[in-house]
1. For the stretch 368-416, which positions are aliphatic (A, V, I, L, M), buried (at least 23 other Cβ atoms within 10 Å of the Cβ), in contact with a strand residue (DSSP E or B) (Cβ under 8 Å, 6 or more places away or on another chain) and assigned to a helix (DSSP H, G or I)?
2. In this structure, is ASP16 of a type in the set (Asp, Glu) and modelled with pLDDT under 90?
3. So LEU192 ticks every box in (1) modelled with pLDDT under 90; (2) surrounded by fewer than 16 Cβ atoms within 10 Å (Cβ to Cβ); (3) over 30 Å from ASN9 (Cβ atoms); (4) out of contact with any strand residue (DSSP E or B) (no Cβ under 8 Å at 6 or more places or on another chain) but one. Which box is left unticked?
4. How about the stretch 357-367: which of its residues are in a helix (DSSP H, G or I) and closer than 12 Å to SER299 by Cα?
5. Out of VAL37, VAL60, which single residue is assigned to a helix (DSSP H, G or I), modelled with pLDDT of 75 or more, out of contact with any Pro (no Cβ under 7 Å at 6 or more places or on another chain) and hydrophobic (A, V, I, L, M, F, W, C)?
6. Would the stretch 205-215 turn up any residue that is assigned to a helix (DSSP H, G or I), closer than 22 Å to SER396 by Cα and not assigned by TED's automatic domain parsing to the domain that holds VAL310?
7. Kindly list, by first and then second residue, each pair from a residue in the stretch 423-449 that is touching a residue at least 40 places away in the same chain (Cβ under 8 Å) and farther than 16 Å from HIS390 by Cα to a residue that is assigned to a helix (DSSP H, G or I) and among the small types (Gly, Ala, Ser), limited to pairs with Cβ atoms under 9 Å and residues at least 6 apart or on different chains.
8. Scan the stretch 271-313 for residues that are out of contact with any Leu (no Cβ under 9 Å at 6 or more places or on another chain) and assigned to a loop (DSSP other than H, G, I, E, B) and report the count.
Amino acid sequence: MKKADFITNIVLVPIDFVLLTLAGISAYYLRFSSSIVEIRPVFYEMLFSDYLTLVVRVAVFAILVFAVSGFYRMDNKKLARELPRIISGVSTVFVILILAIFMQRELFSSRFVIILAWVLAIAYLFISRIIIVIIRNYFFKSGHGLANIVVLGRDSNRQLVIDEYKNNPQFGFKVFAQFDDLEELKNNGDILEKINKRKIDNIIQTDSSISKENALNLLTFCQENQLSLQYAASLFQAHSLNLNFSSVAGLPIIEIQGTPLDGWRRVAKGFFDIVGSVLLVIILSPLFLVLGILVKSTSKGQIFVSLSRVGIKGKVFKMYKFRSMVKDAHKMKQEIMENNERHDGPLFKMKNDPRVTKFGRWLRRTSLDELPQLFNVLRGQMSLVGPRPHEPEEVSKYQRGYKKLLTIKPGITGMAQVSGRSNLAFAEEAKLDIFYIENWSMLLDLIILLKTPRALFRNDEAC
């Protein structure tokens, strides 16, 4: 999904609310204007303050109906599709409004105002779409907001797509580079550097007949580097995870998205994270105070520690925890690395780690040391539910395919934590987290959160 599409759909919500309210107000003043009153006398007049309250309520309800109807799906807005969608959505709202008036006649009785508001709402909303598309296309033609793409494939197919995007900047893509195949791309150090710096957004594979092995290699490469992948139809038929369909230069193009957590779902999850973390911080503030006093009184050092972890798209951030180790414990890690009990992956675990304090051992066993991560959620660095966050050196040792764990924000809890905690082999933990990424839903988040309290007090020590 292009960033421009995301911004456009987010902006549409407040714009639609304002325009629906304006349509209602315009209908009111037009109905009671002298020219209309001469033609159709007024038999019932509602106070404007009461009418405005009703209009605002209807506008809020309309936004909810529009959202359910797919008005704000995170896709490219095409005017030919928008007009029927607007007529259908607005008509649905006004049919419900008419039924409400029929059931409660004192609500409002001017049919003329309702019909006029219906016409104006459709007109205002469609005109706003035209203006937004014009503004967006202007920026695209000026070279602003374009998603940078790399095109792979044989010369003939590849050139068709390149020409199409070059001649139609309104599609929102800029061809940054082109190669015959993935191996040629990997041999280009400049492009790899651009990918590492997140300056490339998409890869498009225009050959529909590449081998399954090459297809899987390309899919893995895109997942590891957080790139959207689009391909000519009939490729990756066994991997229909999260697909978007479109057409470019007459070629049927399919886009694979690594997770359904995109667009409005990402907004909903972010809103849920903020509200949930605020409530938890308020509710748990007495526990924060008690734990802070105990940490400080049982060992020397600060109450909190900030640890480097790798988050979404490989961004390093400072993760907060209650201190459970002695002061300067990180300096001792290399001395005890030979005692690492985890040989199945990049993680470090030692049952009787000498760096852990007595109280810290209890904190870790209950996972209460992780409560300060709620502040990471408030800062937008973590989520309540997500993959386990790992250290930069651990991420550097990831095996092939594991970088998909960086597709979304890491979580305070997750499928790995509620399905076995630290006793899981790293490969099993990664599989659970990748399953979560590929099958995310709000219901799955709620199930994991409900399972978390029980998992906290299992008799196994967290790493």
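The values are calculated or read from the model by the stated rules, or taken from the named source; none is laboratory data. Small disclaimer: the values here were computed from a predicted structure and weren't measured. When we count neighbours, we look across all protein chains shown, and the Cβ atoms used for this are built from the backbone with ideal geometry, even at glycine.
1. Within the stretch 368-416, VAL377, LEU405, LEU406 meet the criteria.
2. no
3. LEU192 satisfies every listed condition except (1).
4. Within the stretch 357-367, LYS358, PHE359, GLY360 qualify.
5. Selected residue: VAL60, the only one of VAL37, VAL60 that is assigned to a helix (DSSP H, G or I), modelled with pLDDT of 75 or more, out of contact with any Pro (no Cβ under 7 Å at 6 or more places or on another chain) and hydrophobic (A, V, I, L, M, F, W, C).
6. Initial filter on the stretch 205-215 (assigned to a helix (DSSP H, G or I)): 212-215.
From what's left, closer than 22 Å to SER396 by Cα: none.
Within the stretch 205-215 (the criterion being assigned to a helix (DSSP H, G or I), closer than 22 Å to SER396 by Cα and not assigned by TED's automatic domain parsing to the domain that holds VAL310), the answer is no, since none of the residues qualifies.
7. Matching pairs, first to second residue: TYR436/ALA416; MET442/ALA268; LEU449/GLY276.
8. Result for the stretch 271-313: 4.
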